[in-house]
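In what follows, a structure is listed as structure tokens, so that the remarks can point back to it.
Laboratory data are not the source of any read-out in this text; all were calculated from the coordinates shown. Predicted, not measured: the structure shown is a model, and the values here were computed from it. Cβ: placed from backbone, ideal geometry, glycine included. Neighbour counts: every protein chain shown.
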Amino acid sequence: MTTMLGVSLEGRDVLLVGGGAVTARRLRRLLDDGARPRVVAPEVSDEVGALIAAHGVAWLPRTFRLADVEGAWLVHTATGDPRVDLEVAAACERSRTLCVNASDGAHGTARLTADTRFGDVVVGVVSDAGVDPRRTARVRDAIGLQLASGRLPLRRGRETAGGRVDLVGGGPGPVDLMTVRARRLLAEADVVIADRLGPARALLPELDPDVLVVDVGKAPGHHPVPQEEINRLLVEHALAGRRVVRLKGGDPFVLGRGGEEVAACLAAGVPVEVVPGPSSAISVPQAAGIPVTHRGVAAALHIVNGQGPVTEATLAALADDGSTTVFLMGVAALERIMSAALAHGVPSDRPVAIVESGHTPQQRTTRTTLGRAVADARAAGVSNPAVIVVGDVARAGLLLPDPELAGDTTT
């Protein structure tokens with residue numbers, strides 16, 4: 001029967017007997033864990049030699065002696081000679097020092113796990129009967145996939161002084177477009193402060209019942225929770241020792257006010273990180289078969305907050321035949337935007353695509369032109385959430401010859 005222990009080797013003496021490929025793998029791992037390894041072997045491989053030189057590892061170029069075990073917290077033997085490895089294991093047994101015998105794990109007193117790490121959670125797998133590294137590696141990898149998916153319970157059982165904030169980009173909506181890190185952080189969260197858009201509706205029901213969920217979703221013209229209050233909530237919960245996930249649609253730094261939230265956390269001394277997500281400015285047009293850049297068509301991308309003024313820079317991008325202009329949150333301002341572009345001299349036949357509810361079953365694309373965009377959007381009943389794409393990449397048939405493949409309603 002094997003008893004599993006989590007042992008910290010940081011700053012502690014570890015003896016490795018042997019200088020071959022197995023020692024190289026274990027030496028690298030011990031160095032990563034902060035141990036103080038030393039090597040005893042008449043010769044070492046090039047890989048072990050490089051690690052010794054790079055990290056200043058002590059190397060005694062000779063055969064093993066019984067006194068070498070003295071002072072070691074752990075001994076690892078992998079000489080390739082079972083008799084020598086048994087001699088090392090016997091010396092460790094007499095000195096009550098744990099020993100990993102890589103030639104025959106059944107005759108050692110310790111085993112290194114096949115481990116997988118996500119955040120501060122480490123899961124190790126060992127075989128209780130005999131040594132089967134391939135099987136333990138397969139089991140470890142299977143557990144790793146479950147950890148990565150966020151389906152295993154990763155939340156801490158108690159609050160500590162280690163509160164933090166993670167700004168997580170949820171992408172355009174589908175859960176499987178989120179990053180592995182985003183899913184893992186949600187599984188660890190004590191508090192989730194969520195936007196209206198993105199994957200929140202699908203993911204929030206999966207959280208533990210005692211996870212605090214704060215809805216700060218905004219709709220056009222309706223901001224029930226001011227940004228200053230959102231900033232305050234992030235800081236307050238983190239300072240109370242909680243792990244806070246700020247779950248956003250798209251990417252936190254693309255018209256998501258993520259920079260303001262990072263600044264608020266840093267000003268309060270709260271650790272904060274940003275996890276990127278697919279921005280709706282790119283992923284929603286993509287869902288409709290529209291590349292925001294395309295060789296020979298568009299080599300530049302201009303992303304605009306549709307609720308703001310139509311600036312000279314935006315007008316210049318709209319007038320540039322080789323640029324694509326993408327408006328987020330621009331449905332209510334469509335007439336103002338199109339009128340400003342036409343007044344600036346942008347051709348009225350410039351292609352326009354309005355993609356509603358991208359990456360959802362309700363996705364719909366309205367293909368039109370700058371001159372007809374307002375009338376066609378009104379006739380189609382275009383509504384939020386929608387992304388407006390202006391430029392030659394938006395023309396029908398650029399990539400998808402059949403408009404129905406992109407959910408087009410107007411051409």
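See the values below:
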| read-out | value |
| --- | --- |
| Nonlocal amide H pairs with residue 76, under 5 Å, H built at 1.01 Å | 15, 16, 17, 100 |
| Cys with no candidate disulfide partner in the chain (beta-carbon separation under 4.7 Å rule) | 265 |
| Estimated distance in nm for a label pair at residue 58 and residue 257, the labels positioned 7 Å out from Cα along Cα-to-Cβ | 5.9 |
| Globularity index of the chain, i.e. its alpha-carbon radius of gyration over 2.2 N^0.38 Å | 1.36 |
| Most mobile listed residue (368, 63, 179) in the chain, GNM with C-alpha springs under 10 Å | 63 |
| Estimated inter-spin distance, residue 146 and residue 321, nm [label 7 Å along Cα→Cβ] | 5.9 |
| Sequence-separation-based contact order of region 53-122, relative, with Cα cut under 8 Å and 6+ spacing, percent | 24 |
| Kirkwood-type radius of region 281-410, with distances r between different C-alpha atoms, in Å | 14.1 |
| For region 18-76: relative contact order, % (alpha-carbon pairs under 8 angstrom, 6 or more apart) | 34 |
| Neighbour-count ranking [beta-carbon atoms within 10 angstrom, fewest first] of 5, 98 | 5, 98 |
| Fraction in percent of alpha-carbon pairs per bin - 5 Å, region 164-278 | 2, 13, 26, 27, 21, 9, 2 |
| Sparsely packed trypsin sites (Lys or Arg not before Pro) within region 49-92, loop by DSSP, other Cβ within 10 Å at most 16 | 62, 65 |
| Residue order, fewest to most surrounding Cβ atoms within 10 angstrom, among 36, 378, 242 | 378, 36, 242 |
| Neighbour-count order for 13, 376, 210, fewest beta carbons within 10 angstrom listed first | 210, 13, 376 |
| Computed label-point distance, nm, for sites residue 208 and residue 286 using a 7 Å Cα→Cβ extension | 3.4 |
| Exposed GluC sites (Glu not before Pro) absent: longest stretch of the chain, with sites in DSSP loops and at most 13 other Cβ within 10 Å deemed exposed | 160-411 |
| Contact order normalised by residue count of region 13-112, Cα under 8 Å, 6+ apart, percent | 27 |
